[in-house]
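Asks: The structure's right below; bear with me while I get my questions together.
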Amino acid sequence: MQLKTIIIDDEPKLREVLKIKLENFCKDINVVATAQDVDSAFKEITAHKPDLIFLDISMPGKTGFDLLNQFPKIDFETIFVTGYNEYALDALKVSAIDYLLKPVKTEGLIKAVEKAKTRIAERQMAERFELLKYNLNHISDQDTKIAIPGVTSYDFVLIKDIIRCEGWQKYTKIFFTNGDCITSSYNLGVYRDMLISYDFFSCHKSHLINKKHIKKYLKEGIIIMSDDSNVPVARRKKEEFISEVMANFTPR
């Protein structure tokens, strides 16, 4: 499990040393960004959505606690790194994974990362269990959420927000109503099996569409979706599309 990680500290040397130690001794850590103060850290966390942050407490202007207080919901784990042990109790109050004193010792760093991996895995398992319970009570309802596995994390999304899925090599590109696109590490066949019962149609070996987002059908075999994307209908699928999908849109 690769954990997206951000290092936040006002000391450039410490950021670099910690990054090198993580690369050498914690292979499951992927440092995606570093930040030198609270304001830049907030921007990096918002952009990268990390699994884990290493956070200095005492920084010029604002503290690490000020940073955490800016998030209405904290969905990442925190390991504090500081030169002052008087903050230990406050760190425990915000449920930090661990509290490391500078200079950071390698053994303590490794143990803290292992704790983080365990807690993140437990949280993801709990989230998947809650999602499963919800979905069992909302079968065939597009207000259901599904978990989309990526390279380092799961994205939980509403089915009704999915416009279409497109097979791409061994992966699947999933397009959403807000313009976002997620590349999943699962192939299109997995999503075909998962979504057909939720009013999706497999119009082509490389394309799966949400019927609720069909905007127009061109007689040469092109579907225009709500985001104005063009999706081909395979020749062998045209008759099925006309009988199964078009029948619901034409007067009888």
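Each value in this text was obtained by applying a stated rule to the coordinates, not by laboratory testing. Remember, it's a predicted structure, so these values are computed and weren't measured experimentally. Virtual Cβ from ideal backbone geometry, glycine too; neighbours counted across all protein chains shown.
Asks: How far is it, in nm, from the label point at ASP193 to the one at GLU240 when both lie 7 Å from their Cα along the line to the Cβ?
Replies: Simple spin-label model gives 1.7 nm for this pair.
Asks: Also, quick follow-up: About the Cα centre of region 3-125, what is the dipole size in debye to 20, counting +1 per Lys and Arg Cβ and -1 per Asp and Glu Cβ, all else neutral?
Replies: 320
Asks: Using alpha-carbon positions, what is the distance between the centroids of region 164-183 and region 30-77, in Å?
Replies: Using only Cα atoms to place each centre, the spacing works out to 29 Å.
Asks: Continuing with the same structure: Taking H as built 1.01 Å from N, whose amide H comes closer than 5 Å to the amide H of SER226, not counting residues under 5 places away?
Replies: Distant-sequence amide H within range of SER226: LYS215.
Asks: List, largest first, the extents of the alpha carbons of region 3-125 along their principal axes, each in whole Å.
Replies: Its Cα atoms span 33, 31, 28 Å along the three principal axes.
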